[in-house]
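Let me begin by presenting the structure, written as structure tokens, before commenting on it.
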Amino acid sequence: MTLFAAYCHDAEGAPVLREQLLTAHLDHVEAHLCDYAVAGPLKQGEETIGSLLVIKATDEAEARAKFEADPYFAAGVWESVSFSEFRGVAGDWVGGAAWKA
């Protein structure tokens, strides 16, 4: 399984959309929890300014399809999205330094 990171910056008006769609978004995430390595909001103080989703998939097309199924995507919560393959190689989440395993 490969990881793909979606780094999303909110669009103008996103706070209203987030509030309207929060339940649908969380229901979607919970229903597909096994598809995420990690996911959550990007914050600037108390303000949400975007999202980071690291999605597990066999290829980029599958990861994008999973990402685009999120109600926030369809509603235009995110103004811009940077989507890339991600390889965790260091830190607590990967158990230290992967190259030493």
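The values are calculated or read from the model by the stated rules, or taken from the named source; none is laboratory data. This structure is a prediction, so every number in the text was calculated from the model and none was measured. No Cβ is skipped: glycine too gets one built from the backbone with ideal geometry, and neighbour counts run over all protein chains shown. Please note that ligands, DNA and RNA were not included when accessible areas were found on the heavy atoms of the full protein model with its side chains. Shrake-Rupley method; radii C 1.70, N 1.55, O 1.52, S 1.80 Å.
Listing for the model above:
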read-out: Residues being without any contact (Cβ under 8 Å) to a residue 12 or more places away in the chain and in contact with a helix residue (DSSP H, G or I) (Cβ under 8 Å, 6 or more places away or on another chain) - total across the range 21-46; value: 0
read-out: Residue match in the range 34-45 (condition: part of a helix (DSSP H, G or I), more than 12 Å from Leu3 (Cα to Cα), modelled with pLDDT of 95 or more and not aliphatic (A, V, I, L, M)); value: yes
read-out: Residue selected from the range 42-75 under the condition open to solvent by 30 Å² or more (accessible area, probe 1.4 Å) and of a type in the set (Gly, Ala, Ser), by the criterion farthest from the chain's Cα centre (by Cα); value: Gly45
read-out: All positions within the range 46-76 that are of a type in the set (Gly, Ala, Ser) and part of a strand (DSSP E or B); value: Gly50, Ser51, Ala57
read-out: Residues within the range 77-101 that are open to solvent by 30 Å² or more (accessible area, probe 1.4 Å), outside any strand (DSSP E or B) and within 20 Å of Arg18 (Cα to Cα), tallied; value: 0
read-out: Within the range 22-41, considering residues that are open to solvent by less than 40 Å² (accessible area, probe 1.4 Å) and not hydroxyl-bearing (Ser, Thr, Tyr), the one nearest to Ser80 (Cα to Cα); value: Gly40
